[in-house]
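One structure is given here, and the rest of the page talks about it.
Any read-out appearing in this document is the output of simple, stated calculations on the displayed coordinates, not a laboratory observation. Only a predicted model underlies this, so the values are computations on that prediction, with no experimental measurement involved. No Cβ is skipped: glycine too gets one built from the backbone with ideal geometry, and neighbour counts run over all protein chains shown.
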């Protein structure tokens, strides 16, 4: 995992423009211009003080190319809380990449950012994400019914979380 660079654009566009990758979120699929704006935004915010977005690119070692991202957005410094998010090129689904990346990001959040709580939200229908969140030790906290207006319909939001003192249980 590493910080983004401008040369990541084509690899990032490959997954952020894929309707299957973004089917459970309310953004995308991105056009080339929208993807460039997002990449530029994340590169710019890598040096922000204080830093709020800790999104890292996931690089597949053998091919040395960006295959996705995983990161935290600090929601409240006062409450030491951040939200976990990620996306992965569909050719790499089911191989453990996201579980490994999420575990690294969660550990860094607790150890380096001194967070108390990390949470994630997803569509309850997104069984792949639910599986990843459970594998990294996150606990299901509940479902917010019809919480988001997304792609012309109301969508439920499942909430998962992990507290710093729960690591290692």
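Side notes on the structure shown:
- Each label point was placed 7 Å from the Cα along the Cα-to-Cβ direction; for residue 3 and residue 164 their separation is 2.5 nm.
- Separation between Cα centres of region 103-123 and region 124-169, rounded to whole Å: 14 Å
- Of 94, 137, 85, the residue with the greatest mean-square motion in the GNM of the chain, using alpha carbon springs below 10 Å, is 94.
- Prolate/oblate/rounded label for the chain (Cα gyration tensor, a/c 1.5): rounded
- Region 85-131 shape via C-alpha gyration tensor axes, a/c threshold 1.5: oblate
- Taking each DSSP H run with n ≥ 4 as -39500 (n - 2.57) and averaging over every residue of the chain yields -8500 deg cm²/dmol at 222 nm.
- Taking 0.36 nm per residue of separation and subtracting the current Cα-Cα distance, fully stretching the chain between residue 83 and residue 40 would add 13.4 nm.
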